[in-house]
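Asker: After the structure tokens below, expect a handful of questions from me.
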Amino acid sequence: SAVQVVKIVFILCLFSAGLGLYSFVQRYWGKRPALFAAIIYICSPYVQYIDPYARGVLAECFSFGLFPWVLWSFSRLDSGNYWRRLPAAAILFASLLCTHNLMALVFSTILIVWTSWQGIKPRINNNSLLLTNRKKTNLYITFLRLGAFVLGIALASFFWLPVILEKDLVQLGNLISDGGHFDFRNHFLSVSELLGKTLWLDWGATEPYYAFNLGIPQWILGLTGILIVLFRRKKVKYWLDGLFFALSSVLLLLLVLPVSSPAWEVIPFMPFLQFPWRLLGPLALCLGILSAIALSEIESLFSRLNPKQLD
């Protein structure tokens, strides 16, 4: 039945999210941290509970399952076989654009910033990677990733192009309101709610209350990962990649708090997101990656103290 199919797709979204993030993180920080990152991500309250159960937003949930695969496919463009992997990256990105138009804007922004970050990493690192041949290779890979990005947008044009060409024929203004339910100003979160515990659902209520929280393990481990990235720069594997997700976590966290209201008013298209707490999904992914970095450093510490007992 239709209800059973929807439930199956929700379950597939979670499996896809976990397996995709595992595949991405494993390339950088190893298998055990990757498994840890996947668990932290799919067990975060917004991804595991709020979107599928409380809100029932299938399209947005599916975007959470696809974006880790997009990151994984774009990261693999630095490993050769470019002309086979580039179409795969473009197709995955185009699929992401066709899931949920609002979250597609958010994830596209993260992806293009991550791609640009990969291009400038050698300059930030200021070490042997600054050799001329390495810079040329890095620039080539950056252009490949940008090519996959553009090709993905082109493949999904049947989905987004009518929105632009026919915007005068629909009432896009109804998606936002000044003072109404869809006014972003009414949906900022407090720090206490973000850091609080997940509430039990009242099955007897027609509209049960649920908290938009990060999850206590998620924010504790994510904060640990941020501190490790900031204070153990020379020890962390792929430090600059970790720094990107640490900075992204801080920015996404600020954007769900009332302090970011001026940014929501100034940045184009931001009011169309309607609910700042939508960003808890991408934030959960970043916290999962930071948790993997924390576990990777803990493993490294134990291996130095007692190599024989690590396994």
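Asker: Taking a threshold of 32 Å on the Cα-Cα distance, which of the pairs K7/K197; K197/K234; K7/K235 fall above it?
Answerer: With Cα atoms farther than 32 Å apart: K197/K234; K7/K235.
Asker: Quick one: longest stretch of the chain between exposed loop trypsin sites (Lys or Arg not before Pro), exposed meaning at most 10 other C-beta atoms within 10 Å and loop per DSSP?
Answerer: 1-196
Asker: Just tell me, in residue order, which DSSP H segments of the chain are both 18 angstrom or longer along the helix axis (alpha-carbon based) and at least 0.5 in mean Kyte-Doolittle hydropathy.
Answerer: Long hydrophobic helices here: 2-29, 58-75, 82-97, 101-125, 132-155, 216-231, 239-255, 280-305.
Asker: Assign one of three labels to the range 201-265, namely rounded, prolate or oblate, based on the Cα gyration tensor with a ≥ b ≥ c the square roots of its eigenvalues; rounded applies when a/c is under 1.5, prolate when it is not and a/b is larger than b/c, and oblate otherwise.
Answerer: oblate
Asker: Moving on to the next point. Apply the Karplus curve 6.51 cos²θ - 1.76 cosθ + 1.60, θ = phi - 60°, to the phi angles in the range 267-277 and return the couplings in whole Hz, x for Gly and Pro.
Answerer: 6, x, 6, 4, x, 5, 5, 6, 10, x, 5
Asker: Also, I was wondering about something else. If we count chymotrypsin sites (Phe, Trp or Tyr not before Pro) as exposed when they sit in a DSSP loop and have at most 10 other beta carbons within 10 Å, what is the longest stretch of the chain that avoids them all?
Answerer: After excluding every exposed loop site, the longest remaining stretch is 1-199.
Asker: What figure in square angstrom, to the nearest 10, would you give for the accessible area of T109 with a 1.4 Å probe?
Answerer: 80
Asker: Answer with a single label: of (1) 21.8; (2) 20.7; (3) 24.4, which was calculated as Kirkwood radius over Cα pairs in Å from the structure in view?
Answerer: Checking each listed value against the structure points to (2).
The values are calculated or read from the model by the stated rules, or taken from the named source; none is laboratory data. Quick caveat: nothing in here was measured; it's all calculated off a predicted structure. With ideal geometry, Cβ positions are generated from the backbone for all residues, glycine too; neighbour counts draw on all protein chains shown. When the accessible area is computed, the model is the full protein with side chains, heavy atoms only, and any ligands, DNA or RNA have been set aside. Shrake-Rupley method; radii C 1.70, N 1.55, O 1.52, S 1.80 Å.
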